[in-house]
Amino acid sequence: MVVATAVDTFGPFLIPATLFVVGVAGYAVLWVLTGQQRKWAADDGDGVRRQDDSEPPER
């Protein structure tokens, strides 16, 4: 009943919108599981990060 009402209301827009929401939720779960917060917390604030997490050379 709820699904039929939603499909009648939103029509073909419902499928891509649902996929988008599921994708964002999945990306958020992966982001939390990989610990991105800790990697960003190690940034020194200048916006420059090296691939191997070493410090950039002195300028």
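The values are calculated or read from the model by the stated rules, or taken from the named source; none is laboratory data. Quick caveat, the model's predicted, so the values are computed rather than measured. Note: ideal-geometry Cβ built from the backbone for every residue, glycine included; neighbour counts use all protein chains shown.
Restrict the check to segment 5-25 and report whether at least one residue is modelled with pLDDT of 85 or more and of a type in the set (D, E, K, R). Yes, some residue in segment 5-25 is modelled with pLDDT of 85 or more and of a type in the set (D, E, K, R).
In segment 16-35, the residues that are under 21 Å from Ala6 (Cα atoms) reach residues that are surrounded by 10 or more Cβ atoms within 10 Å (Cβ to Cβ) with C-beta atoms within less than 8 angstrom, at least six apart or across chains, in these pairs: Ala17/Phe10.
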